[in-house]
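Okay, structure first, notes after.
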């Protein structure tokens, strides 16, 4: 273990506010300002401190070598399909970033369209296909720099390999649709440098003309709490307006394109979810109206500008996870527990097929459908098998392997099992255990655990290079399906939503206690990790029960729950967490907000916090403030370090060399803290 020195001093400048009669003190409010010279100096000091520890860990070279072997393999993703053209991303070994390729026909040769390495930002430039025009002639693709959530959106004339001048500047694209003749398009775009950043409008752009001349088609208002989305068909536009206030309310309007402009109100002030899309010029929507586990309806003309809701795919016991259109079919995936099931329906809701893929250890994702024929692409993976991409013919239900991520890893010595444990309130929670077969048989081993528990996102089996390396070295991996996800329908989500959030934290902590009580590990050999909402989970765990864990990796988190809603696009999370503006929400948030629950002179586990300047989902201020607070309060001799990059954002799009180094840091940190020897080679 490297010799540890005290962390840099972080100046405490308390700011005290009274919220609903309760004084709340924030000692590191000054670190919210990412651009101040003082914050940048603090970040540089933290970088030196982190590198002084991480770079000295024994076995680091061996770890890096193995991580690169697992990461640096050919991969494909990001499919869009139209007119018998497949456009996707592919990365070959030794390439920093994937490029965009075209395949004409399923059996055609892959042709390079766009190589991000030729752009000015070098290895930090990232490209991804977004949309093909109906005739397959034009490609809309995004260009990002580092991990930013925003992007620049460009158009490529595929036939001539020419980038058009019709680009949308850096910002958020909230909807896009080509016109029938592909000579113009409709869009909703929130430009970063807009003089009116909260003006929400749909515009029509004719190719070859300046953006300043674009015609406004629809306006939803000018308000930070409004978000406007566009769903488009070559014959009709749909305007979806979300209003994030005390509750999320939704409006939806239609505008046919084959008649004089006339906006038709469809729903107004809805408090239920409503996500529409056009399929073969018919309007469908997925909704939880009268269906907590979701159903799919068609909206049909009923006279006098009215639309009738006709149920096509009814609610089932399992919640709908994804739905995608391909030709005249709707493909729906359901999740129940850890099992994925896929059904194929015609447009009138008659079941055409049920895929024989039910498996508790495998995840299936629907990734792209061909709009002009019954064909689609899916992706499948498991704890022990990396993603493979398959092409599916919905007429014959035949599957053809398109691409397989081949890594130097033999899954045969490994297995997974499912157990059930009891949470604090008596609920029975399922949990995956994964590792070497001898590890699963029993005995005490080093263990790594994560979960998610939010936004109704189910945790199904996925392949992780990070976890794979640790399992190769004897770790037991534990994944509890805690409440807050949707593994058992909408009720599983609601049980840990808003003011009930502590339920998900209790589920997670009880999973750790079960691992210890059953002799599978001990606190000195138990580590946890998580990112985003799961980073919040890790932050709560370390502040509520620090004695349970030896090490924590907390990535791109939100941790100041009393101020999270004041930054970036956090309005959309109001319904998930509540906000400190509401007195009842405030009472709940204050009880678990990790930043506010750090206690002075407390022995905390070794903690690696990961963030970066480009994160606009979970603002990096959370990581900065939490690092300073933990370093000041920690009474143990275990390090609290910050891994911070100016290029890192919320999206996992860093170049290969950066990803290798980042994973090497995390693995080396855990191996060092859990005293797992990994010799240099």
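The values are calculated or read from the model by the stated rules, or taken from the named source; none is laboratory data. Computed from a predicted structure; not experimentally measured. Here the Cβ positions follow ideal geometry from the backbone for every residue, glycine too, while neighbour counts run over all protein chains shown.
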**Request:** State which residue is farthest from residue 240 (Cα to Cα) when the search covers only the range 198-210 and only residues that are touching a residue at least 40 places away in the same chain (Cβ under 8 Å) and surrounded by 15 or more Cβ atoms within 10 Å (Cβ to Cβ).
**Result:** 207
**Message:** Could you check the range 127-162 and list, in sequence order, the residues that are more than 16 Å from residue 80 (Cβ to Cβ), touching a strand residue (DSSP E or B) at 6+ places or on another chain (Cβ under 6 Å) and at pLDDT 95 or above?
**Reply:** 152
**Asked** Going through the range 550-575 one residue at a time, which ones are on the phi < 0 side of the Ramachandran plot and at pLDDT below 95?
**Response** 565, 566, 567, 569, 570, 571, 572, 573, 574, 575
**Request:** Filter the range 297-337 down to residues that are within 19 Å of residue 381 (Cα to Cα) and touching a residue at least 60 places away in the same chain (Cβ under 8 Å), then give me how many there are.
**Result:** 5
**Asked** Could we say that residue 608 is at negative phi, in the same structural domain as residue 48 (by TED's automatic domain parsing) and modelled with pLDDT under 95 here?
**Response** no
**Complete:** Residues of the range 308-325 being more than 25 Å from the chain's Cα centre (by Cα) and buried (at least 21 other Cβ atoms within 10 Å of the Cβ), in sequence order, are 313
**Asked** Limited to the range 234-247, what total is found for residues that are farther than 17 Å from residue 199 by Cα, touching a strand residue (DSSP E or B) at 6+ places or on another chain (Cβ under 9 Å) and surrounded by fewer than 19 Cβ atoms within 10 Å (Cβ to Cβ)?
**Response** 3
**Prompt:** Which of the residues belonging to the range 197-222 are under 26 Å from the mean Cα position of the chain (by Cα) and part of a loop (DSSP other than H, G, I, E, B)?
**Reply:** 197, 198
**Message:** If the requirement is being in contact with a strand residue (DSSP E or B) (Cβ under 8 Å, 6 or more places away or on another chain) and either in a strand (DSSP E or B) or closer than 29 Å to residue 649 by Cα (or both), which of these qualifies: 182, 194?
**Reply:** 194
**Complete:** How many residues of the range 128-157 are crowded, with 20+ Cβ neighbours inside 10 Å and not in a strand (DSSP E or B)? The answer is 5
**Message:** I'd like the residue in the range 391-423 that is part of a loop (DSSP other than H, G, I, E, B), touching a strand residue (DSSP E or B) at 6+ places or on another chain (Cβ under 7 Å) and crowded, with 16+ Cβ neighbours inside 10 Å and, out of all such residues, is modelled with the highest pLDDT.
**Reply:** 423
**Message:** Testing residue 615 on (1) over 21 Å from residue 475 (Cβ atoms); (2) at pLDDT 95 or above, one condition comes back false. Which one is that?
**Reply:** (2)
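Do any strands (runs of 3 or more DSSP E) entirely within the range 228-287 hold 3 or more residues that are within 22 Å of residue 330 (Cα to Cα), and if so, which?
Hits in the range 228-287: 236-244, 274-279, 282-287.
Do we find that residue 658 is surrounded by 18 or more Cβ atoms within 10 Å (Cβ to Cβ), out of contact with any helix residue (DSSP H, G or I) (no Cβ under 7 Å at 6 or more places or on another chain) and part of a helix (DSSP H, G or I) in this structure?
So residue 658 passes the test.
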**Residue match in the range 39-56 (condition: buried (at least 16 other Cβ atoms within 10 Å of the Cβ) and either assigned to a loop (DSSP other than H, G, I, E, B) or without any contact (Cβ under 8 Å) to a residue 40 or more places away in the chain (or both))** = no
**Prompt:** If residue 18 satisfies every condition in (1) touching a strand residue (DSSP E or B) at 6+ places or on another chain (Cβ under 6 Å); (2) in a strand (DSSP E or B) but one, which is the exception?
**Reply:** (1)
**Prompt:** In the set 557, 620, which member is surrounded by 24 or more Cβ atoms within 10 Å (Cβ to Cβ) and out of contact with any helix residue (DSSP H, G or I) (no Cβ under 9 Å at 6 or more places or on another chain)?
**Reply:** 620
**Asked** What number of residues within the range 338-383 satisfy the criterion of being surrounded by fewer than 17 Cβ atoms within 10 Å (Cβ to Cβ), closer than 14 Å to residue 460 by Cα and in contact (Cβ under 8 Å) with a residue 40 or more places away in the chain?
**Response** 1
**Asked** Taking the range 82-127 on its own, how many of its residues are farther than 19 Å from residue 404 by Cβ, without any contact (Cβ under 8 Å) to a residue 12 or more places away in the chain and part of a loop (DSSP other than H, G, I, E, B)?
**Response** 1
**Prompt:** Any idea which of 159, 74 is farther than 30 Å from residue 644 by Cβ and without any contact (Cβ under 8 Å) to a residue 24 or more places away in the chain?
**Reply:** 159
